[in-house]
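The values are calculated or read from the model by the stated rules, or taken from the named source; none is laboratory data. Given the structure is predicted, the values throughout are model-derived calculations rather than measurements. Here Cβ is always computed from backbone atoms with ideal geometry, including for glycine, and neighbour counts include all displayed protein chains. Each accessible area value is taken on the protein alone, full model and side chains, heavy atoms only, with ligands, DNA and RNA left out. Shrake-Rupley method; radii C 1.70, N 1.55, O 1.52, S 1.80 Å.
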Amino acid sequence: MFNEIHKKELFDACDEFGNKLGIDMVRGEPHKEGLYHEVVEILTVNLHNQILVTKRAESKNYPLYWEITGGSVLKGETTLEGAKRELFEETGLNAENLTLLYRKTEKDALFRGFVTQVSSDKVILQLGETIDHQWIDACDFVEFINKELFIPTTRKRLLCAWYLIEPMLFKNEQYDC
């Protein structure tokens, strides 16, 4: 079930490689097979090497599940612009630098996973999207996302990319789990 705001969201239809096709897609409406929309996920790390997770609102798919920040790229946005917007809308945090971690195609979505480090720990939750947040120590992150109430599809993408994420998180040899 989508709320009124989401019913009006427009996406740029892309081919399987992410090339924009000049066709609009409307959230929740059927579309021609072979059309995709871009979805971004942002692994947000603070200066204490903690990773941000948020709890989804009850009205969302996967209600009350934990996730990393993410959402669909809107019509006219680049993936980087979409990632920055989603992070700011859902958390009030500004992405200072975004590094692409993974690309994954699932059904009609082209997932693009990014990592960013932020200098602020102050999170402002987006009404109707998120109801809680936690900063999880990097050493405990894999254990946390393997819990039942973390979105399983996001977990799978993160675990598949963990070999890229782990060196970024633990580049400081003094950091010991």
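So how strong a dipole does region 32-124 carry about its Cα centre when Lys and Arg Cβ are +1 and Asp and Glu Cβ are -1, to the nearest 20 debye?
Working: 12 positive and 14 negative charges, 19 e Å.
Approximately 100 debye in magnitude.
Gain in length, Gln134 to Arg85, computed as 0.36 nm per residue apart minus the alpha-carbon separation, to one decimal in nm?
Full extension of this stretch gives 15.6 nm more.
Just subtract the alpha-carbon distance of Leu35 and Tyr62 from 0.36 nm times their residue separation and send over the number in nm, one decimal. Display every interim value, and only then the final one.
On the way: separation 27, 0.36 × 27 = 9.72 nm, distance 2.43 nm.
Stretched out fully, the Leu35 to Tyr62 stretch lengthens by 7.3 nm.
In the neighborhood of Thr78, defined by Cβ-to-Cβ distances under 14 Å, what is the net charge if each Lys or Arg adds +1 and each Asp or Glu adds -1?
After counting each charged neighbour, the total is 0.
Residue-wise, which Karplus ³J(HN,Hα) couplings in Hz belong to region 50-58, taking 6.51 cos²θ - 1.76 cosθ + 1.60, θ = phi - 60°, and x for glycine or proline?
3J(HN,Hα) across region 50-58, in whole Hz: 10, 10, 7, 10, 10, 9, 6, 5, 5.
Using the Kyte-Doolittle scale, which helices in the chain average at least -1.0 and also have C-alpha atoms spread 15 Å or more along the helix axis, with helices defined as whole DSSP H runs? Show your work: numbers first, answer last.
On the way: long enough: 79-91 (18 Å, -0.92).
TM-like helix candidates: 79-91.
Using the Cα centre as the reference, give the magnitude of the dipole from point charges on the C-beta atoms of the chain (Lys, Arg: +1; Asp, Glu: -1; all else neutral), rounded to the nearest 20 debye. Please report the intermediate quantities before stating the final value.
Working: 21 positive and 30 negative charges, 52 e Å.
Here the size comes out at about 260 debye.
Name the residue farthest towards the positive end of the dipole of the chain from the options Ser120, Leu80, Thr54, assuming +1 on Cβ of Lys and Arg, -1 on Cβ of Asp and Glu, about the Cα centre.
Leu80
Could you tell me which label, among (1) 139; (2) 193; (3) 111, carries the value of volume of the Cα convex hull per residue in Å³ calculated for this structure?
(3)
Taking DSSP loops as anything outside H, G, I, E and B, show the longest stretch in the chain free of GluC sites (Glu not before Pro) there with at most 12 other beta carbons within 10 Å.
Working: sites that count: Glu16, Glu33, Glu58, Glu96, Glu148, Glu173.
Longest site-free region, per DSSP loop and neighbour criteria: 97-147.
Does region 106-154 come out rounded, prolate or oblate by the C-alpha gyration tensor, with a ≥ b ≥ c the root eigenvalues, rounded set by a/c under 1.5 and, if not, prolate when a/b is larger than b/c and oblate if not? Let's see the in-between values first.
On the way: a/c = 1.42, a/b = 1.21, b/c = 1.18.
Rounded shape, in that the Cα axes give a/c under 1.5.
Can you tell me how region 53-118 classifies by the Cα gyration tensor, rounded, prolate or oblate, using a/c under 1.5 as the rounded cut? Kindly include the intermediate steps, with their values, before the conclusion.
Details: a/c = 1.58, a/b = 1.16, b/c = 1.36.
The shape class here is oblate.
What relative contact order, as a whole-number percentage, does the chain give when Cα pairs under 8 Å and 6 or more residues apart are counted? Walk me through the intermediate numbers first.
Working: 326 pairs, mean separation 40.0, N = 177.
Averaging sequence separation for qualifying contacts and normalising by length gives 23 percent for the chain.
Report the local net charge at Gly34: Lys and Arg +1, Asp and Glu -1, summed over other residues whose C-beta lies under 13 Å from its C-beta. Intermediate values should be presented prior to the final figure.
Working: positive: Lys32, Lys107; negative: Asp15, Glu16, Glu33, Asp108.
Net of charged neighbours comes to -2.
In the chain, which longest range has no trypsin sites (Lys or Arg not before Pro) that are both DSSP loop (not H, G, I, E or B) and surrounded by at most 15 other Cβ atoms within 10 Å? Intermediate results must be reported in sequence, preceding the final value.
Details: sites that count: Lys8, Arg27, Lys32, Lys75, Lys107, Lys122, Lys147, Lys171.
Value returned for the longest uninterrupted segment is 33-74.
For region 1-150, give the share of DSSP beta bridges that are antiparallel, in percent and rounded to the nearest 5; count only bridges with both residues there. Don't skip to the end; give the middle numbers.
Details: 26 of 36 bridges.
About 70 percent, rounded to the nearest 5.
How much accessible area per residue does the chain have, counting only protein heavy atoms and a probe of 1.4 Å, in square angstrom? Write out the running numbers ahead of the final one.
Working: 10040 Å² over 177 residues.
Here the per-residue accessible area is 57 Å².
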